[in-house]
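Following: one structure in structure tokens, then a few remarks.
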Amino acid sequence: METTRQIRMAAAWPWISTGARLGLAAVWLVAGSLKIGDLAASARAVYAYQLMSYDTAKIVGAVQPFLEIALGLLLLIGLATRFTAAISAALITIFIAGIVWAWAKGLRIDCGCFSTGGELGAGETPGYGIDILRDLAFLALCGILVWRPRTRFSLDGVLMGER
Amino acid sequence: MSKGSRDRAIKARQIVASQKAAERRRTVTLWTSVAVVLVLFVAGLIGYTVLSGQDEGKVTTPASAVDEGTAFATGAGPVTVDVYEDFMCPSCGNFEAATGPTLKQLATDGKITLRFHPVAILDRFSNGTEYSTRSAAASAAAAEEGKFIEFHDVLYANQPEENTDGLSDAEMIELAATVGLTSDTFKNAVNEGTYKAWATQVTETFSERGHTGTPTIVVDGKTLTGENNTVPSAELITQTVEKAAG
């Protein structure tokens, strides 16, 4: 029956959202921690997109991994989940735009998404299509959280007085 | 109390309760969002502070370095060939094995000025020992003793694989001894990492010049690549040099 299905879905959404929240947290924590040890390499990865001066790329490259880890931790504890997911979505959209730009311009770079990327060796082909698909999947996780931000085991839940 | 008015009272209480809950949700959403903005701002600030702290290292530029203090030259020919290499990079190892002798011959024959730029872009491949930076710094110490090429060659002949610890400082000093590089000045410079900040600066200059990978070969200011962005062959370099010489 339609009504029981709706009730079941209503009960399932917090769990689906919880999965999305923890998944997105893991994405940010991994992405950030892979870059944080070598900020100079992170700067080179940003500079490789040829979108900004080297001095600007240095700042962006240094700030970005810290932001990623902070977002990961915020999602992990579930604080202001909808807002954090929206910020994540904005960042990922910028990343996708960057990859599309590199692709359109024919740059041969590693996107630096989960690495300190930058250069590609001879014979290596950039996997722009796959990078974009992966980012779109992450964007979908953000979408779930913006749409249904109520999750289990979250600080939001505690503060709202749920349970 | 009539049944109707009791119902109304219950309904009123429910409305008040749900209004209170909504009010609480609004307050919580507002303040948690403010907290998130603060956390992200602080995180960004930490990143910026760490970056500023890294820039403060004192750079000791080796006296023998040329080209804004970023390279070591051999030969004095009319055509300049710049080679940017990372001692950890396997592709550079292949390039050295295949093309190194040709380049050195061209320098010896007085056709080119060969300039080596030891950059460190692959520190992440040596299990945290930063072999790229250490080896580039050690090569500067060798250059100060007039043995850059010899040390450079012996490092490539004994190139460690990626994702190993690389050569330790002691191992580099041992290898240096096999090419007659035994001075205390050299050993101290390697052990103390005297030229490490310099290696970082060379790498920055490399990036600022728009190069992204190693080996990068530049002939008279123009980056030279083979077909499909491959590393240029010895023949292609020789041809390009001859053309540039006119």
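The values are calculated or read from the model by the stated rules, or taken from the named source; none is laboratory data. The structure displayed is predicted, hence computed values, not measured ones. Note that we place each Cβ from the backbone using ideal geometry, even for glycine, and neighbour counts take in every protein chain shown. Note: areas computed on protein heavy atoms with side chains; ligands, DNA, RNA excluded. Shrake-Rupley method; radii C 1.70, N 1.55, O 1.52, S 1.80 Å.
Kindly evaluate B:THR113 against the criterion of being open to solvent by less than 50 Å² (accessible area, probe 1.4 Å), farther than 19 Å from B:ALA199 by Cα, not hydrophobic (A, V, I, L, M, F, W, C) and not in a helix (DSSP H, G or I). For B:THR113, the condition - open to solvent by less than 50 Å² (accessible area, probe 1.4 Å), farther than 19 Å from B:ALA199 by Cα, not hydrophobic (A, V, I, L, M, F, W, C) and not in a helix (DSSP H, G or I) - is met.
Among the residues of this structure, B:PRO90 counts as one that is facing chain A (nearest Cβ under 9 Å), touching a residue at least 12 places away in the same chain (Cβ under 8 Å) and under 26 Å from B:GLU235 (Cα atoms). Report yes if some residue within region B:221-230 is free of Cβ contacts under 8 Å to residues at least 12 places away in the same chain, within 18 Å of B:PHE116 (Cβ to Cβ) and within 12 Å of chain A (Cβ to nearest Cβ); otherwise report no. No, region B:221-230 has no match at all.
Just one of (1) touching a Leu at 6+ places or on another chain (Cβ under 9 Å); (2) under 20 Å from A:SER42 (Cβ atoms); (3) hydrophobic (A, V, I, L, M, F, W, C) fails for B:ILE173. It is (2).
Inclusion of B:THR129 among residues that are within 23 Å of B:THR194 (Cα to Cα), among the hydroxyl-bearing types (Ser, Thr, Tyr) and not in a helix (DSSP H, G or I) is warranted. Restricted to region A:148-163, and to residues that are open to solvent by 60 Å² or more (accessible area, probe 1.4 Å) and of a type in the set (A, V, I, L, M), which residue is farthest from the other protein chains (Cβ to nearest Cβ)? That would be A:VAL158. Among the residues of region B:15-31, those that are facing another protein chain (nearest Cβ under 8 Å) and open to solvent by 100 Å² or more (accessible area, probe 1.4 Å) comprise B:ARG24, B:ARG25. Tell me, yes or no, whether region B:32-46 has at least one residue that is touching a residue at least 12 places away in the same chain (Cβ under 8 Å) and open to solvent by 40 Å² or more (accessible area, probe 1.4 Å). No; the residues of region B:32-46 include none that is touching a residue at least 12 places away in the same chain (Cβ under 8 Å) and open to solvent by 40 Å² or more (accessible area, probe 1.4 Å).
Determine, yes or no, whether A:LEU24 is more than 9 Å from chain B (Cβ to nearest Cβ), under 15 Å from A:PHE66 (Cα atoms) and either in contact with a Gly (Cβ under 6 Å, 6 or more places away or on another chain) or in a helix (DSSP H, G or I) (or both). So A:LEU24 fails the test. Of everything in region B:52-85 that is touching a residue at least 12 places away in the same chain (Cβ under 8 Å) and acidic (Asp, Glu), the residue that is most open to solvent (accessible area, probe 1.4 Å) is B:GLU68.
Can you name the residue in region A:43-86 that is out of contact with any helix residue (DSSP H, G or I) (no Cβ under 6 Å at 6 or more places or on another chain) and crowded, with 21+ Cβ neighbours inside 10 Å and is also farthest from the other protein chains (Cβ to nearest Cβ) among such residues? Looking at the filtered set, the residue picked out is A:ALA45. Considering only residues of region A:87-102 that are among the aliphatic types (A, V, I, L, M) and open to solvent by 10 Å² or more (accessible area, probe 1.4 Å), which is nearest to the other protein chains (Cβ to nearest Cβ)? Applying the filter and picking the extreme gives A:ILE87. Kindly indicate the residue of region A:103-112 that is surrounded by fewer than 20 Cβ atoms within 10 Å (Cβ to Cβ) and touching a helix residue (DSSP H, G or I) at 6+ places or on another chain (Cβ under 7 Å) and also farthest from the other protein chains (Cβ to nearest Cβ) among those meeting that condition. Once the filter is applied, the top-ranked residue is A:TRP103. Going residue by residue through region B:176-186, is there one that turns out to be out of contact with any strand residue (DSSP E or B) (no Cβ under 6 Å at 6 or more places or on another chain) and within 24 Å of A:LEU107 (Cβ to Cβ)? Among the residues of region B:176-186, not one is out of contact with any strand residue (DSSP E or B) (no Cβ under 6 Å at 6 or more places or on another chain) and within 24 Å of A:LEU107 (Cβ to Cβ), which makes the answer no.
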